[in-house]
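The values are calculated or read from the model by the stated rules, or taken from the named source; none is laboratory data. Remember, it's a predicted structure, so these values are computed and weren't measured experimentally. When we count neighbours, we look across all protein chains shown, and the Cβ atoms used for this are built from the backbone with ideal geometry, even at glycine. To get the accessible areas, we keep the full protein, side chains included, count just its heavy atoms, and leave off ligands, DNA and RNA. Shrake-Rupley method; radii C 1.70, N 1.55, O 1.52, S 1.80 Å.
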Amino acid sequence: MPKGKRAARGTPLRELLRIPVGEPVDLASYDAAATPGGPADKKAGLTATAALAPRLAELQERLYAASTAGDRRRLLLVLQGMDTSGKGGTVKHVIGYFNPSGCRIHAFKAPTKEERAHPFLWRVTRALPLPGEIGIFDRSHYEDVLIARVRGLAPPVELENRYGEIARFEESLADDGVTIVKVFLHISYEKQRARLLERLDNPDKHWKFNEGDIEERALWPAYQEAYEIAMRRCATARTPWYLVPADRKWYRNWAISTLLLEALEELDPRYPPGDFDVAESRRRLLAT
């Protein structure tokens, strides 16, 4: 929610965090430390997030169970954001509430030689969740219009084509029963510096630090612009973008948990009825 705007009480979080479709996106108008619709403070936030776990687990089980009877629906969480915005932390803290056997997690790195030999969406298609599963993309197909734009890795004409390809691809997924929750983790320039310094000051976190992160900070304005363009060009009513303020980790985790809960509750998957005689099966079992 842009700075200065207020929401009506009881407004679903998806409405508070959804970036308006078809309108220009100005990331500077969003406060990365804000907590729209959230609990009062960190303590309350941690308690509220933990309280969501049983319901999330139940709905995940129902989604998976429904797939055994032919229900093709599944959910895909797409996480994008600048370094230290919390993509990995989200996977660790939020997805931990789900049964891992029903999740498909994929962290997209620089494309391999084989992947570069195919259209850019090829590797994404291979990582999609199956019916009944919850998929999580730590970075995604959007890297091909973000880094490619900032670093000049693709000509402008190709980038323009990719925006259209992504929008059509996501619409086709929605047609096939995929609920896509696209989240931009919005971290401030100052908070990123603080988190990178924490990694430098803690030897146990040096493995997470990359000197290239410092170079990337010099390109911050270009990345912000690239995100603004991608979110405007690749959002539809069925595949919108959600902006989650990420300066406060507790709020980030609560918000994404809540977004997933709202999406699953809207799907409302049901346990399929048994295709056998329950009473007869019970009789036979008791006779053994």
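Taken over segment 16-89, the alpha-carbon convex hull comes to 151 cubic angstrom per residue. With all protein chains in place and ligands, DNA and RNA left out, the 1.4 Å accessible area ranks Asp275, Asp175, Asp83 as Asp275, Asp175, Asp83, largest first. The angle between the Cα long axis of helix 220-233 and the main principal axis of the chain comes to about 50°, on a 0 to 90 degree scale.
Here the relative contact order of segment 62-149, from alpha carbon pairs under 8 Å that lie six or more residues apart, stands at 49 percent.
Positive contributions from Lys and Arg (+1) and negative ones from Asp and Glu (-1), summed over other residues with Cβ under 13 Å from the Cβ of Ile136, come out at +4.
With a 10 Å cut-off between alpha carbons and a GNM built on the chain, which of Leu264, Leu128, Leu200 moves the most? For the chain, modelled as a Gaussian network with Cα springs under 10 Å, the answer is Leu200. Sparsely packed loop sites in segment 36-110 (the trypsin sites (Lys or Arg not before Pro) outside DSSP H, G, I, E and B with at most 13 other Cβ atoms within 10 Å) comprise Arg72, Lys109. Rounded to the nearest 10 square angstrom, Thr125 shows an accessible area of 70 square angstrom against a 1.4 Å probe. Between amide H atoms placed 1.01 Å from N, distances below 5 Å from Ile180 occur with Leu76, all of them 5 or more places distant or on a separate chain. Relative to the longest principal axis of the Cα atoms of the chain, the long axis of helix 189-201 lies at roughly 80 degrees.
Report, to the nearest whole %, how much of the accessible area of segment 41-129 belongs to carbon and sulfur atoms, 1.4 Å probe, protein only. Here it works out to 56 percent.
Summing charges over all other residues whose Cβ lies under 11 Å from the Cβ of Cys103, with Lys and Arg as +1 and Asp and Glu as -1, gives +1. Rounded to whole numbers, the Karplus 3J(HN,Hα) couplings from phi for segment 271-285 are 5, x, x, x, 9, 9, 7, 5, 5, 5, 5, 5, 4, 5, 5 Hz, using 6.51 cos²θ - 1.76 cosθ + 1.60 with θ = phi - 60°, and x at Gly and Pro. Per residue, the accessible area of segment 207-288 comes to 56 Å² when a 1.4 Å probe rolls over the protein heavy atoms. How much of the DSSP bridge set in the chain is antiparallel, in percent, rounded to the nearest 5? Approximately 5 percent, going by the DSSP bridge assignments.
Across all Cα atoms of segment 80-126, the radius of gyration (one decimal) and Dmax (whole number) stand at 13.5, 37 Å. When Leu59, Leu46, Leu286 are compared by accessible area at a 1.4 angstrom probe, the order from most to least is Leu286, Leu46, Leu59. Amide H contacts under 5 Å for Gly37: none, restricted to partners 5 or more places along the chain or on a different chain, H placed in the peptide plane at 1.01 Å from N. Considering only Cα atoms, the convex hull volume of segment 208-288 works out to 232 Å³ per residue.
Probing with 1.4 Å while keeping every protein chain in the model, the per residue accessible area of segment 98-190 equals 47 Å². Applying the Karplus relation 6.51 cos²θ - 1.76 cosθ + 1.60 with θ = phi - 60° to segment 237-253 yields 3J(HN,Hα) values of 4, 8, 10, x, 9, 10, 9, 10, x, 10, 5, 9, 4, 4, 5, 3, 5 Hz, where x marks Gly and Pro. Ranking Ile19, Ile147 by solvent-accessible area of protein heavy atoms (1.4 Å probe, all protein chains present), from largest to smallest, gives Ile147, Ile19. Remind me, relative contact order of the chain in percent, using alpha carbon pairs under 8 angstrom and six or more residues apart? So the answer I get is 34 percent. Nonpolar atom fraction for segment 202-259, defined as the carbon and sulfur part of the 1.4 Å probe accessible area, stands at 49 percent.
With coordinates expressed along the principal axes, the C-alpha atoms belonging to the chain extend over 74, 48, 44 Å, beginning with the largest.
Karplus-derived 3J(HN,Hα) values for segment 24-31, using 6.51 cos²θ - 1.76 cosθ + 1.60 with θ = phi - 60°, are x, 10, 10, 4, 5, 7, 10, 7 Hz; glycine and proline are entered as x. Taking amide hydrogens as placed 1.01 Å from N in the peptide plane, the amide H of His186 sits under 5 Å from those of Val244, Ala246, each at least 5 positions away in sequence or on another chain. Among the trypsin sites (Lys or Arg not before Pro) in segment 242-275, those placed in a DSSP loop whose Cβ has at most 16 other Cβ atoms within 10 Å are Arg270. Within the shell defined by Cβ-Cβ distances under 14 Å, the residues around Ala51 carry a net charge of +1, with Lys and Arg each +1 and Asp and Glu each -1.
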